[in-house]
Amino acid sequence: MTLKVNDFEIIYSRLSKHLRNGNEYLEHYLETPIKDYSLIKIILGKGNRHKALISAGIHGDEPCGVEAICSFLENNRFESFSDTWELSLLPCLNPYGYEFGLRENHNGKDLNRLFRHSAPPEEVEFAQSNFDKNYELTIELHEDSMTPGYYLYQKGTHPEDEIVGDEILKAIKNIMPINLNDEIDGCSAQGGIIIQQRNWSAMDWWPMAIYALSKGTRRTLTLETATQFAMQTRVEAHLKAIDTALSFYTEKFKN
Ligand SMILES: [Zn+2]
């Protein structure tokens, strides 16, 4: 029998408290055999010129990203970006997996492998429905139970933006060590950044990040914190990464 390890209702009520100030809020009803959930989207700074999307919880056994988005809202981390950024938040893309501590959804599907599928699960369709606009930046919050430190994947249309990955890790290294191994999760890596040589148009499956690229996202960041550290440390690392990435582009777009 699968045991409940987290309570999605707590997340739901924490998020609900932060929907004032005219923030747009959207819920998609998700039915599962155990119970029904809401897939939630919150838009901050609606109509602002620059667009970013931050998502979490697509892998249900990685609760830190969900926690980071709650904390981002609760601690007004958007404040310094509220004049320039329209931020779409998808706080928990796999609420069933979140409650039961499972990577997959209620049908045993790894949602982050199904973004090129012709008939994807509802959670994936919900995530895809947000790409009706062009984002400068998409950030996906993950965690890894095997890694000794923080690392990230990045891809984008502007090679000169690659420095944002280094900036993030430089900012994080005082919070959590960086995984400096030459190989991480089966891929070559350098300085905590995965080196990706795969031709994504030839791949038969896509994660959300590649789907984002195919929809015109300028830079996509997949951020991996290390589960072996305390939740608060992992949350702080992700919040620092979000802050660094948004600040980087705020500065860049000034010129
Ligand atoms: Zn993950």
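The values are calculated or read from the model by the stated rules, or taken from the named source; none is laboratory data. What you see is a predicted model, and the numbers here were worked out from it, not measured in a lab. Neighbour counts run over all protein chains shown; Cβ positions are idealised from the backbone, glycine included.
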Selection count, the stretch 185-240, where residues are closer than 23 Å to Ile163 by Cβ, surrounded by 15 or more Cβ atoms within 10 Å (Cβ to Cβ) and of a type in the set (Val, Ile, Thr): 7
The stretch 119-157, residues that are farther than 22 Å from Ser247 by Cβ, touching a Gly at 6+ places or on another chain (Cβ under 9 Å) and assigned to a strand (DSSP E or B): Glu143
Residue satisfying condition, being out of contact with any Phe, Trp or Tyr (no Cβ under 9 Å at 6 or more places or on another chain), under 30 Å from Ser16 (Cβ atoms), crowded, with 17+ Cβ neighbours inside 10 Å and not aliphatic (A, V, I, L, M), within set Pro95, Pro121: Pro121
Residue match in the stretch 141-159 (condition: among the acidic types (Asp, Glu) and farther than 22 Å from Gly57 by Cβ): no
Scope the stretch 155-214; condition at pLDDT 95 or above, acidic (Asp, Glu) and either on the phi > 0 side of the Ramachandran plot or touching a helix residue (DSSP H, G or I) at 6+ places or on another chain (Cβ under 6 Å) (or both); matching residues: Glu167
Odd one out for Ser80 among (1) closer than 16 Å to Ala245 by Cβ; (2) in contact with a helix residue (DSSP H, G or I) (Cβ under 7 Å, 6 or more places away or on another chain); (3) of a type outside the set (A, V, I, L, M): (2)
Qualifying residues in the stretch 143-178 (those that are over 14 Å from Ala212 (Cβ atoms) and within 15 Å of the ligand (Cβ to nearest atom)) - the one surrounded by the fewest Cβ atoms within 10 Å (Cβ to Cβ): Ser145
Members of the stretch 56-101 found to be touching a Leu at 6+ places or on another chain (Cβ under 7 Å) and at positive phi, listed by number: Gly57
Pairs with Cβ under 7 Å, 6+ apart, first in the stretch 26-49 and at positive phi, second surrounded by 12 or more Cβ atoms within 10 Å (Cβ to Cβ) and in a strand (DSSP E or B): Gly45/Trp85; Gly45/Glu86; Gly45/Leu87; Gly47/Glu86
Scan of the stretch 87-125 for residues that are among the charged types (D, E, K, R), within 14 Å of the ligand (Cβ to nearest atom) and either farther than 28 Å from Glu136 by Cβ or free of Cβ contacts under 8 Å to residues at least 12 places away in the same chain (or both), ordered by number: Arg103, Glu104, Lys109
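In the stretch 203-228, what residues are within 14 Å of the ligand (Cβ to nearest atom), hydrophobic (A, V, I, L, M, F, W, C) and either under 16 Å from Asp144 (Cα atoms) or part of a loop (DSSP other than H, G, I, E, B) (or both)?
Leu221, Leu223, Ala226
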